[in-house]
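Heads up: the structure comes next, in structure tokens.
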Amino acid sequence: MKSIKAVVAVAIALPVLAFAQANTPRVDQRQANQEQRIDQGVASGSLTQREANRLENGQQRVDNMENRAKADGVVTKRERARLHVAQDAQSDRIYAQKHDRQHDFNHNGRVDRPRRR
């Protein structure tokens, strides 16, 4: 009787543990933060629509990587590390695009560049 209860307990616990290992709250939160940075850049005019589209595509690639990592139910340390590296690279791209000389401050779809002195 005890062995049957033990088998049932293990059978119930395994899927729960597998789901917990596939959970990536830090990755998800960082994705949300980077999406917000892109949206803020468009709203302020520091990102052109073309730059924002490119950055959104990069975010989608990272999201696809995360989905592939979660597909088997377990996100390994190596997969997590690759996700973090991809997010670091995407974060650097967002920073670079927000701080380059291409702007759309008046939101007319044309690139506004300050005059050189």
**Item:** 5 angstrom amide H check on Leu47, placed H, neighbours 5+ away
**Value:** Val42, Asp104
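Calculated FRET efficiency, Arg50 and Arg26, Cβ-Cβ r, R0 30 Å, to nearest 0.05?
So the FRET efficiency works out to roughly 0.50.
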**Prompt:** With all protein chains present, how much of the accessible area of segment 33-117 (probe radius 1.4 Å) comes from carbon and sulfur, to the nearest whole percent?
**Reply:** 47 percent
**Fill in**
Diffing segment 39-53: the Karplus 3J(HN,Hα) column from phi (6.51, -1.76, 1.60, θ = phi - 60°), in whole Hz with x for Gly and Pro, holds 4, 5, x, 5, 5, 7, x, 6, 10, 7, 5, 5, 4, 4, 4
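The values are calculated or read from the model by the stated rules, or taken from the named source; none is laboratory data. Everything numeric in this text was worked out from a predicted model, so none of it was measured. Note that we place each Cβ from the backbone using ideal geometry, even for glycine, and neighbour counts take in every protein chain shown. These accessible areas exclude ligands, DNA and RNA; they are computed on the full protein's heavy atoms, side chains included. Shrake-Rupley method; radii C 1.70, N 1.55, O 1.52, S 1.80 Å.
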